[in-house]
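Participant: Handing you a structure now.
The values are calculated or read from the model by the stated rules, or taken from the named source; none is laboratory data. Just so it is clear, the model here is predicted, and its values are computed rather than measured. For neighbour counting, all protein chains shown are included, and Cβ atoms are generated from backbone atoms with ideal geometry for every residue, glycine included.
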Amino acid sequence: MKFEKKPFVTLDQVREMAKSYSTPFHLYDEKGIRENAKRVNEAFSWNPGFREYFAVKATPNPFLIKLLHECGCGTDCSSMTELMLSEACGVTGEEIMFSSNDTPAEEFRKAAELGAIINLDDITHIDLVEKTLGSLPETMSCRFNPGGFYKLSNGIMDNPGDSKYGMTEEQIFDAYRILMKKGVRHFGIHAFLVSNTVTNEYYPTLAETLFKLAVRLRNATGAHIAFINLSGGVGIPYKPGEKPNDIYKIGEGVHEVYDRILKANGMGDVRIFTEMGRFMMAPYGCLVTKVIHEKHIYKEYIGVDACAANLMRPAMYGAYHHITVLGKEDAPCTETYDVAGSLCENNDKFAIDRQLPKIEIGDYLVIHDTGAHGFSMGYNYNGRLRSSELLLKEDGSVQLIRRAETAADYFATFDCFPEYSSLAEKQ
Ligand SMILES: *Cc1c(COP(=O)(O)O)cnc(C)c1O
């Protein structure tokens, strides 16, 4: 089977959108988002308490958070404004997982006010939360870091021993005992060990690690373990030819480990939670940008109206994002281009030495898989402004779900140039 990458939008649709909204813009696919969320819920339906807590940092847009909420997802927040955003979307109480680290006291206060489940990143936070709230909530979670290297059989691995998150195994046992003494009655375990895993093996492997830990913790402390949070890290195929994850296989893999370890130890009531960001949204968003220049020096450059301020992953991680020239989907890739933005930074390139069809000024490019960790990592370097976000609805219509930043927005935080605040209307 060939795994091709096709845009979810056509040239005609983009031409129509461009009449009302100037490029660049991030575009999201309602149909794709809903269908994927349905698959995720089906894949884990064997676990009656299952819930996906969408990692808000991936795509912090209220329209999309509400859309996912309609599909049964809660939110995973890690900052004050993410908590506020969740609240503004009507997602509160146990539908919020507060998985934060290096956490300011006031954010614990806000999380508790909203009734969120607090996931402690560090053992010292027990005191901080108790001091801040006066007492501890009935349900609390602890983040686990097994240290060392974490390996999957296909070679994907990461180095938790080098990461700032979570508690050591010894600390998590201590934390449970202390929390129990202080009145906590229901417990969760959380870990996020490897990012963007394109293998069906990650969740089941992580589940085995955490389920065994859960049995040890229950046996040693008598604590009631109410849920296990597999967090994020389920990846997507950014490159053509990569085999996508099969969420049904992943769900079944976790199910098998669940029966073998938890059920067999009389812990068949444990709820499974996830906090996926990338898997929920990345393929269902793209960055649409227009070609405004071509340049022929030592290499061939295509200049577009988007830049790394709109999508940082290629510049930051050297990440591959597939590019389609709209209207030339089937044209042969005869040219080799660097596709560049305008930042005064030579790493502002969406593609390097990429084989593409012959490109003309005015062509529209779709930069794929920007639906997670795309817009949200944007910044204002070089005074570049954040783009708009559009939603392609199931009925084919288009909704503006965030307007583009204006120069007035850029000046707003100076407070000393009131004359610029009227710029928005002039533009
Ligand atoms: C970033 C993050 C996620 C989401 O990660 P993805 O790779 O997008 O799935 C989930 N949980 C926590 C705590 C995170 O920091």
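Participant: Please go through region 208-254 and give me each residue that is among the aliphatic types (A, V, I, L, M) and under 17 Å from ASN119 (Cβ atoms), ordered by number.
Facilitator: LEU210, LEU213, ALA214, LEU217, ALA223, ILE225, ALA226, ILE228, LEU230
Participant: Here's a follow-up. Kindly check whether there is at least one residue in region 100-114 that is under 23 Å from GLY233 (Cα atoms), under 18 Å from the mean Cα position of the chain (by Cα) and either surrounded by fewer than 24 Cβ atoms within 10 Å (Cβ to Cβ) or within 13 Å of the ligand (Cβ to nearest atom) (or both).
Facilitator: yes
Participant: Report whether or not ARG15 is of a type outside the set (S, T, N, Q) and either more than 15 Å from the ligand (Cβ to nearest atom) or modelled with pLDDT under 95 (or both).
Facilitator: yes
Participant: Restricting attention to region 186-203, which residues are more than 18 Å from PHE98 (Cα to Cα) and surrounded by fewer than 23 Cβ atoms within 10 Å (Cβ to Cβ)?
Facilitator: Across region 186-203, the qualifying residues are VAL194, SER195, ASN196, VAL198, THR199, ASN200, GLU201.
Participant: A further question follows. Being crowded, with 18+ Cβ neighbours inside 10 Å and over 29 Å from ASP246 (Cβ atoms) is true for just one of MET140, MET97, MET80, MET84. Which residue is that?
Facilitator: Numbers: MET97 fails: over 29 Å from ASP246 (Cβ atoms); MET80 fails: crowded, with 18+ Cβ neighbours inside 10 Å; MET84 fails: crowded, with 18+ Cβ neighbours inside 10 Å.
Of MET140, MET97, MET80, MET84, the one residue that is crowded, with 18+ Cβ neighbours inside 10 Å and over 29 Å from ASP246 (Cβ atoms) is MET140.
Participant: Could you list, in sequence order, the residues of region 360-398 that are among the charged types (D, E, K, R) and away from the ligand (no atom under 16 Å from the Cβ)?
Facilitator: GLU360, ASP363, ARG384, ARG386, GLU389, LYS393, GLU394, ASP395 - these are the residues of region 360-398 that are among the charged types (D, E, K, R) and away from the ligand (no atom under 16 Å from the Cβ).
Participant: Report yes if SER135 is more than 29 Å from VAL14 (Cα to Cα), hydroxyl-bearing (Ser, Thr, Tyr) and buried (at least 16 other Cβ atoms within 10 Å of the Cβ), otherwise no.
Facilitator: Taking the combined requirement at face value, the residue does not satisfy it.
Participant: Determine which member of the set LYS358, LYS349 is touching a strand residue (DSSP E or B) at 6+ places or on another chain (Cβ under 7 Å), farther than 28 Å from GLU82 by Cα and surrounded by 20 or more Cβ atoms within 10 Å (Cβ to Cβ).
Facilitator: On the way: LYS358 fails: surrounded by 20 or more Cβ atoms within 10 Å (Cβ to Cβ).
The unique qualifying residue is LYS349.
Participant: Assess whether GLU419 counts as being assigned to a loop (DSSP other than H, G, I, E, B) and either free of Cβ contacts under 8 Å to residues at least 24 places away in the same chain or in contact with an Asp or Glu (Cβ under 8 Å, 6 or more places away or on another chain) (or both).
Facilitator: Taking the combined requirement at face value, the residue does not satisfy it.
Participant: Another question, then. Looking at region 283-300, which of the residues that are surrounded by fewer than 24 Cβ atoms within 10 Å (Cβ to Cβ) and in contact with a helix residue (DSSP H, G or I) (Cβ under 8 Å, 6 or more places away or on another chain) is farthest from ARG15 (Cα to Cα)?
Facilitator: PRO283
Participant: OK, next. Of (1) under 28 Å from the mean Cα position of the chain (by Cα); (2) surrounded by 16 or more Cβ atoms within 10 Å (Cβ to Cβ); (3) under 27 Å from LYS239 (Cα atoms), ILE401 satisfies all except one. Which?
Facilitator: The one condition ILE401 does not meet is (3).
Participant: Right, next: Residues that are touching a Cys at 6+ places or on another chain (Cβ under 9 Å) and under 21 Å from LEU343 (Cβ atoms), at least 3 per element: which strands (runs of 3 or more DSSP E) completely within region 233-311 meet that?
Facilitator: Ranges flagged: none.
Participant: Another question about this same structure. Could you tell me which residue of region 214-232 is surrounded by the fewest Cβ atoms within 10 Å (Cβ to Cβ), considering only residues that are within 16 Å of the ligand (Cβ to nearest atom) and outside any loop (DSSP other than H, G, I, E, B)?
Facilitator: PHE227
Participant: Only residues that are more than 11 Å from the ligand (Cβ to nearest atom) and assigned to a helix (DSSP H, G or I): list them for region 47-77, please.
Facilitator: Answer for region 47-77, where residues must be more than 11 Å from the ligand (Cβ to nearest atom) and assigned to a helix (DSSP H, G or I): PRO62, PHE63, LEU64, ILE65, LYS66, LEU67, LEU68, HIS69, GLU70.
Participant: Say whether the condition of being assigned to a loop (DSSP other than H, G, I, E, B), within 16 Å of the ligand (Cβ to nearest atom) and more than 19 Å from GLU52 (Cα to Cα) is met by at least one residue in region 180-188.
Facilitator: There is no residue in region 180-188 that is assigned to a loop (DSSP other than H, G, I, E, B), within 16 Å of the ligand (Cβ to nearest atom) and more than 19 Å from GLU52 (Cα to Cα).
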